[in-house]
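Working notes for the structure below.
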Amino acid sequence: MKRVVGYFLNGLIFTAPAALTIYVIWFVFTTVDGWLRIPIPGVGFVVTIVLITLVGFLASNFLARRLLDWIDELLEHLPGVRLLYTGIKDVTGAFVGEKKRFRQPVVVTLDPVVGSKAIGFLTQDSLDELGMADYVTVYLPFSYSFAGHTLLFPRDRVTPLDAPSAKVMTFVVSGGVAEVR
């Protein structure tokens, strides 16, 4: 009986991530197809990817860039919309784009006596404007989540990591299960 339970658990370990991934992909495809009212599964998703790529292409063009900057400015100043738009824009920009903020992974010493540490990302290396010249800002992401804490630490308790930020983020978000190579 133990052997059968072991087989079941091994099967669960394999099928659960695969099934959940397939479900999420199916959900995204059918949702986007529903928004665009396209009856062929997946075509709406492909159309969305093409449109996003086209906007990216236009954003690199000087004239279209001015139009997109105007739309951006408008959304940043509309009451109610501004909070949502700038929040999403800041979080997106933290991970991708020219203003990527999670470039420098760090280790923070939480308790020097015990030796406990946390892994995070340096987001500001100076807090002079707040009158805290000896402090830095570190974002500590939660495991299995896109949320986290933004904390201020004395500069001497923060040590840069020599590892790619994407690998470190994967390690932290996976709860330390993923390997950093």
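The values are calculated or read from the model by the stated rules, or taken from the named source; none is laboratory data. Note that the structure is predicted; figures quoted are calculated from it, not measured. So basically every Cβ, Gly included, is an ideal-geometry build from the backbone, and we count neighbours across all protein chains shown.
Taking (1) at pLDDT below 80; (2) farther than 20 Å from residue 116 by Cβ in turn, residue 127 satisfies each apart from (1). Within the set 41, 79, the sole residue that is modelled with pLDDT of 80 or more and in a loop (DSSP other than H, G, I, E, B) turns out to be 79. Considering the conditions (1) of a type outside the set (Ser, Thr, Tyr); (2) outside any strand (DSSP E or B); (3) touching a His at 6+ places or on another chain (Cβ under 7 Å), residue 129 is excluded by exactly one of them, (3). Among all residue pairs at least 6 apart or on different chains, which show Cβ distances below 8 Å where the first residue, located in the stretch 158-181, is farther than 13 Å from residue 121 by Cβ and not assigned by TED's automatic domain parsing to the domain that holds residue 136 and the second is β-branched (Val, Ile, Thr) and surrounded by 14 or more Cβ atoms within 10 Å (Cβ to Cβ)? Pairs that qualify, where the first residue is farther than 13 Å from residue 121 by Cβ and not assigned by TED's automatic domain parsing to the domain that holds residue 136 and the partner is β-branched (Val, Ile, Thr) and surrounded by 14 or more Cβ atoms within 10 Å (Cβ to Cβ), are 178/170; 180/168; 180/170. Taking residues in the stretch 124-150 that are surrounded by 12 or more Cβ atoms within 10 Å (Cβ to Cβ), and partners anywhere that are among the basic types (Lys, Arg) and modelled with pLDDT under 85, the pairs with Cβ atoms closer than 8 Å and at least 6 places apart or on different chains are 139/101.
For residue 24, the requirement of being under 29 Å from residue 147 (Cβ atoms) and β-branched (Val, Ile, Thr) is met. Pull up the stretch 151-175, narrow it to residues that are among the basic types (Lys, Arg) and over 27 Å from residue 88 (Cβ atoms), then point me to the one that is surrounded by the most Cβ atoms within 10 Å (Cβ to Cβ). The selected residue is 157.
Scanning the stretch 10-30 for residues that are over 14 Å from residue 46 (Cβ atoms) and of a type outside the set (A, V, I, L, M, F, W, C), we see that the one that is modelled with the highest pLDDT is 23.
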